[in-house]
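Readers should treat all values here as calculations from the given coordinates under stated rules, not as data from a laboratory. Computed from a predicted model, the values in this text were never measured in an experiment. Using ideal geometry, Cβ is built from the backbone for each residue, glycine included, and neighbour counts are taken over all protein chains shown.
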Amino acid sequence: MLTVTVMVSVKNAQWAKMLTDKTYMPTVFKHGKNFKIGNFSIIESGVRVGDNVTIGHHCLLKSGTRFADNVNFADYCKTTGICYVGNNVNVRTGSCISKSVIVEDKAFIGAAVMTSHTKHIHHQRPQMPRVQLLTRIGYGAVVGSHTNLSAGVHIGDNVVIGYGSVVIKDVLEPAIYAGNPLRKLKELSDEMRVTKPDGYEEHIFSDEMLAKYLPYYVKG
Ligand SMILES: CC(C)(COP(=O)(O)OP(=O)(O)OC[C@H]1O[C@@H](n2cnc3c(N)ncnc32)[C@H](O)[C@@H]1OP(=O)(O)O)[C@@H](O)C(=O)NCCC(=O)NCCS
């Protein structure tokens with residue numbers, strides 16, 4: 001891991017600054033202190049990350065990505081555009097945080113989780129309306145490995161989704177769920193709950209960001 005300790009806003013001539021042999025960052029990249037990044041990762045311009053962010057090997061962060069503080073983004077993970085990953089979020093190996101996804105603080109995303117921003121495929125079908133939906137993963141929620149989240153779903157605070165699940169509808173009540181179709185397995189014990197501070201405000205994308213990165217956004 002390479003460690004970069006200062007806030008940088010470098011204005012070199014070229015698009016990319018080569019930090020290791022094969023790790024690329026834009027010439028203007030804002031990150032907080034104690035930023036670490038592995039090899040063979042790419043960060044596009046228009047990405048912002050906070051303090052104590054660790055990005056693994058072979059990662060891709062597309063323009064519009066926002067990481068808060070204390071984010072761990074493991075090897076082979078990617079974002080595909082505008083997204084927000086909150087404070088103290090852990091994203092495990094090979095997961096895809098798609099454009100339109102908001103991950104609230106203290107959530108856990110297991111390995112190879114797939115998210116997306118469209119439900120109906122517009123490809124080669126100009127007659128179809130273009131619709132981009134916002135997906136939200138709540139405070140302290142857990143999404144088990146190899147879970148697929150349909151575009152636009154809302155996973156509630158402290159909801160636990162077991163590995164290999166397919167989520168096509170909102171799941172709001174804090175409890176343990178799994179499967180395809182998803183079913184409630186168990187109530188959530190106290191020890192599995194993450195306490196959400198009073199006054200916590202869910203993240204929203206600004207109108208400016210939506211217009212730039214999600215021009216076909218439709219409120220769900
Ligand atoms: C959902 C989960 C937390 C439940 O664990 P648990 O409370 O110990 O549950 P149990 O193993 O006692 O199983 C309870 C029931 O749920 C079923 N079940 C558990 N996990 C399941 C899953 N992922 N998919 C489908 N059914 C599941 C069990 O078969 C069992 O069914 P039964 O009562 O009909 O026999 C756990 O199985 C899980 O999926 N954890 C996610 C792990 C993960 O993704 N880690 C990421 C590391 S990067």
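Restricting segment 117-128 to residues that are touching a residue at least 24 places away in the same chain (Cβ under 8 Å) and surrounded by fewer than 20 Cβ atoms within 10 Å (Cβ to Cβ), the residue that is farthest from the ligand (Cβ to nearest atom) is THR118.
The set of residues in segment 47-72 being farther than 12 Å from PHE29 by Cα and in a strand (DSSP E or B) consists of THR54, ILE55, LEU60, PHE67, ASN72.
Just one of (1) away from the ligand (no atom under 16 Å from the Cβ); (2) farther than 22 Å from CYS96 by Cα fails for LYS184. It is (1).
Look at (1) closer than 20 Å to SER100 by Cβ; (2) surrounded by fewer than 22 Cβ atoms within 10 Å (Cβ to Cβ) and you find that THR65 fails only one, number (2).
Just one of the numbered conditions (1) within 13 Å of the ligand (Cβ to nearest atom); (2) in contact with a Gly (Cβ under 9 Å, 6 or more places away or on another chain); (3) β-branched (Val, Ile, Thr) is not true of ILE155: (1). Scanning segment 20-52 for residues that are aliphatic (A, V, I, L, M) and over 13 Å from the mean Cα position of the chain (by Cα) gives MET25, VAL28, ILE37, ILE42, ILE43. Among the residues of segment 95-115, those that are surrounded by 20 or more Cβ atoms within 10 Å (Cβ to Cβ), in contact (Cβ under 8 Å) with a residue 24 or more places away in the chain and either among the small types (Gly, Ala, Ser) or touching a Gly at 6+ places or on another chain (Cβ under 6 Å) (or both) comprise SER98, LYS99, SER100, VAL103, GLU104, ASP105, LYS106, ALA107, GLY110.
Of the strands (runs of 3 or more DSSP E) that lie entirely inside segment 131-220, those containing 2 or more residues that are touching a residue at least 12 places away in the same chain (Cβ under 8 Å) and surrounded by 15 or more Cβ atoms within 10 Å (Cβ to Cβ) span 135-137, 175-178. For segment 187-196, the set of residues classified as over 11 Å from GLY140 (Cα atoms) and either small (Gly, Ala, Ser) or more than 11 Å from the ligand (Cβ to nearest atom) (or both) consists of SER189, ASP190, GLU191, listed by residue number.
So which residues in segment 43-52 are among the hydrophobic types (A, V, I, L, M, F, W, C) and surrounded by fewer than 23 Cβ atoms within 10 Å (Cβ to Cβ), if there are any at all? Residue satisfying the conditions is VAL47 alone.
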